[in-house]
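Read the structure below first, then the notes.
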Amino acid sequence: MNWNLIGHAWAVDLLRRHVANGEARHAYLFSGPPGLGRRTLAVHLAQALNCTNPPAPGEFCGQCRDCRQIAAMQHPDMAVVQAENEGGTLKVDQVRAVQHSLSLKPYQSKYRVALFLRFQEANDNAANALLKTLEEAPAHAILLLTADTPESLLPTIISRCEILRLRPLRVEEVESMLTDKGVDPERARLLAHISGGRPGYANRLLEDSSLLETRAERLNDLQALLQSTRVKKFSYADKLSKDKDGMRQAITFWLSYWRDVLLKASHASVTITNVDYSAEIESLASRLTLPAVRRTVSDLELALDRMDRNVNPRLLAEVLLMDWPK
Amino acid sequence: MKVIVLQENLARGLSIVSRAVSPRSTLPVLSNILIASDEGRLRLSATNLELGITCWIPARIEQEGSTTVPSRTLSDLINTLPADQVQLILDTQTQSLHVQGGTSNNDIKCIDAQEFPPLPVPDMDGAVQVNVADFKEMIQQVTFAASTDEARPVLMGVLVTVEKDQITMAAADGFRLAVRKATLSNAMPSPISAIIPARALNELARVAGDGEESIYMVMPKGRGQVLFRVKDVEVVSQLIDGTFPDYHQIIPRNYKSRTLVSTNAMLKACKQAEIFAREGSNVARLDIKPAQSDMQPSEVEISATSEETGRNETIVEATVDGGGMLIAFNVKFLREALEAVKTPNVAMETSGPNAPGVIRPVGNDDYIQVIMPMHLG
């Protein structure tokens, strides 16, 4: 049994041993790109900690009241803290409210679990407010944090947690997960590639077909934009900057596309993500020089970072599109 | 479920339990009140996972059952119904509760009772039994001294200890301490020590009512909870986890000056001083003056000054035993301390302007308060 998870066997193995031997740490940090299963792993850990009827030490049944409540994130001893929306801010008041509940003994289970999702979105005040609890958590409290990378958190936070760096799975693993679900092999292969080894993201692509459509639209826009005039680029930038979430998403899609171009341009043997655009990517890679592609990739990364810092989105989009190689 | 209750009983029950409802919770079921038939009565329960209140009201049960009803909707509705019989009928399929009172017919959407967090079913054997009036007085004399600062959760609670036939409550916020003892009618076999949130005790005092009944207190093993039962109400609270500071060390063992004053006169003087002191940092100065000769009275002069409001000075007659002293206290703390004292006279013991002051009711050794002094400025 792998806690019903796809991949991350080493992490599950480690956590299972911690739970079984009663040496669970007071704080864990699950890091990795979104859609990898960080939250799922954290929730399963909470279930393993609080299951009233574990089939084996370190396992959970998934059937008992506690397991079901935790899976539904409706457990009285589990607090889930996250920013209101993705890209938002996790505020200090939310941390304080959890600290208060952690100071009380558990309501019905062995442990009180506090789950902090996307903790990189916590502002400095919130992160600092959590430090004391992270350092001296009550004996019955377990804190679980998820974040994109440990480096995006304060060093004082990281040093107080046991860090589990989750890595993307092999594309084949995600592919077989999808075919097991009854997805036809061709589609499964495409989705697995696009997901980049992130099972959660693959599932989202599967359930939400509009996501795939948006992706196709954005990537087609990208190709069109490469050839278009300055006027067209400006009007596109204006349109794009109207919706910040959409813009963030578009940049993420473009980033994965340019990453593929970079891989091809450098003649790396790694398989590319956007397999359905491999012809276009090949031709682009052969046309451009490696430094030019690399600059575009780092520009896109920088743009994502600047979006979080409240840079004027229209200016940002304009600069981004103008700087693209012809 | 089919139940018939009197409107006034239901309204009273709802007003008791609704204090434990948490309207903005991540668990939607917590903004609901559990209603369930229970051995010929109707049970109402609410919990915010920290504090839970259950109340049983008389009812005619025609069909057993249970559900959870949104608190605001039900309370507001019942309060507007005529003082007559109210009929509650639950459709288990749709989880919709039909409420009929007078000519008014209502259907409320409910959440399945299975989702409601289970409240402990206590074994009342070995419960600590205290008279309601005594227990309420203990609570009122102690909880105000508890901290409201989230940073130190332990101090937001009241340490309750039972040893043999002695029950003690203690609360402190870092600037003041209140300790109240009482004697139980029968000795407990094993000692108890727990930190109960001050808020839970205040709610208990509110719902306990007046009368000659007893409060029963139990702590089910291994659940980290305390449960109080009075008549037909139960209050459950999560305990605060941690170690309460050893307050015995804070209580001074001796004093240099002991001042006896009338509680009321001193309280009045403090209230007057507070009018001026509240603008600044709440400082009131106490000038304790022993009698110069046999013929002159001894007295305490309470004064407060504020840059903007002005100044105040009140002289209270006193019996001073020991030397004179000039000491400053936070007047809000001093007033609250005096308000909690029930005896006509109160003794203040001081050892110096930098040493904590002790306040004791005269003729009652069960209650002691300690207040830290402030800078004389």
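Side notes on the structure shown:
- Take the Cβ atoms of residue A:242 and residue A:298, set R0 to 22 Å, and the FRET efficiency comes out at 0.30.
- Cα-only Debye scattering, chain B: base-10 log of I(q)/I(0) at q = 0.06 Å⁻¹: -0.32
- Electrostatic bookkeeping for residue B:22 treats Lys and Arg as +1 and Asp and Glu as -1; over the other residues with beta carbon under 14 Å from its beta carbon, the sum is +2.
- Rounded to the nearest 0.05, the FRET efficiency derived from the C-beta distance between residue B:91 and residue B:4 at R0 = 25 Å is 0.90.
- If R0 is taken as 60 Å, the Cβ-Cβ distance between residue A:211 and residue B:152 corresponds to a FRET efficiency of 0.80.
- Residues B:216, A:28 in ascending order of nearby Cβ atoms (within 10 Å, fewest first): B:216, A:28.
- Cα Rg, Dmax, segment B:251-371, angstrom units: 13.6, 41
- Ordered by the count of other Cβ atoms within 10 Å of each Cβ, fewest first, B:130, A:270 give A:270, B:130.
- Here chain A carries DSSP beta bridges of which approximately 0% are antiparallel, counting only pairs with both residues inside.
- Cα convex hull, segment A:9-165: 103 Å³ per residue, rounded to a whole number.
- For segment A:299-318 versus segment A:198-257, the spacing of their alpha-carbon centroids is 15 Å.
- Inter-part distance where segment B:247-296 and segment B:331-345 are each reduced to a Cα centre, Å: 11
- Only lysines eight or more places from residue B:256 in sequence, or on another chain, were considered; those with a Cα closer than 29 Å are B:181, B:268, B:271, B:289, B:332, B:342.
- Distance between segment A:66-88 and segment A:8-41 - C-alpha centres, whole angstrom: 17
- Coil-residue trypsin sites (Lys or Arg not before Pro) of segment B:272-311, DSSP, other Cβ within 10 Å capped at 14: B:278
- Summed residue charge, Cβ within 15 Å of residue B:243's Cβ, Lys/Arg positive, Asp/Glu negative: -1
- For segment A:182-326, the convex hull spanned by the alpha carbon atoms encloses 110 Å³ per residue.
- All C-alpha pair distances within the protein assembly as shown, sorted into 20 Å bins from zero, spread as 14, 34, 31, 17, 4, 0 percent across the bins.
- Shape of segment B:145-293, Cα gyration tensor, a/c cut at 1.5: prolate
- Fully extended contour minus Cα-Cα distance, from residue A:123 to residue A:52, at 0.36 nm per residue: 21.9 nm
- Kirkwood hydrodynamic radius of segment B:223-275, from inverse mean 1/r over distinct Cα pairs, in Å: 16.5
- Taking all pairs of distinct alpha-carbon atoms in chain A, Kirkwood radius in angstrom: 21.6
- The string of couplings for segment A:68-85 from the Karplus curve (6.51, -1.76, 1.60, θ = phi - 60°) is 5, 5, 5, 4, 7, 6, 10, 8, x, 9, 10, 10, 10, 10, 7, 5, 4, 9 Hz, one whole number per residue in order, with x for Gly and Pro.
- Label sites at residue B:105 and residue A:289, each approximated as a point 7 angstrom past Cα along Cα to Cβ, lie 8.4 nm apart.
- Under 5 Å between amide hydrogens, built in the peptide plane, is the criterion, and for residue B:239 it picks out A:105, B:225, B:226 among residues at least 5 positions away or on other chains.
- Shape analysis of segment B:1-104 based on the Cα gyration tensor places the equivalent ellipsoid semi-axes at 20, 15, 14 Å, largest first.
- Hypothetical label at residue B:332: residues of segment B:253-272 whose amide nitrogen lies under 20 Å (7 Å Cα-Cβ projection): B:267-272
- Here the scattering of segment B:112-188 is modelled by Debye summation over its C-alpha atoms, one equal scatterer each and no solvent; at q = 0.19, 0.27, 0.28 Å⁻¹ the log10 of I(q)/I(0) is -0.87, -1.16, -1.20.
- Cut-off 12 Å between beta-carbons: net charge of the residues surrounding residue A:278, Lys and Arg +1, Asp and Glu -1: -3
- Within the straight-line cut-off of under 26 Å between alpha carbons, the lysines reachable from residue A:91 are A:105, A:132, A:242, A:244, sequence neighbours fewer than 8 places apart in one chain being disregarded.
- Using θ = phi - 60° and Karplus 6.51 cos²θ - 1.76 cosθ + 1.60, couplings along segment A:216-221 (whole Hz; Gly, Pro as x): 4, 4, 5, 6, 5, 4
- Phi to ³J(HN,Hα) by Karplus 6.51 cos²θ - 1.76 cosθ + 1.60 over segment A:162-172, Hz, x for Gly, Pro: 7, 9, 10, 8, 8, 10, x, 7, 6, 4, 5
All of the numbers you see were taken from the coordinates with simple rules; none came from a lab. None of the values given here were measured: they were computed from a predicted structure. Here the Cβ is made from the backbone with ideal geometry for all residues, glycine too, and neighbour counts use every protein chain on show.
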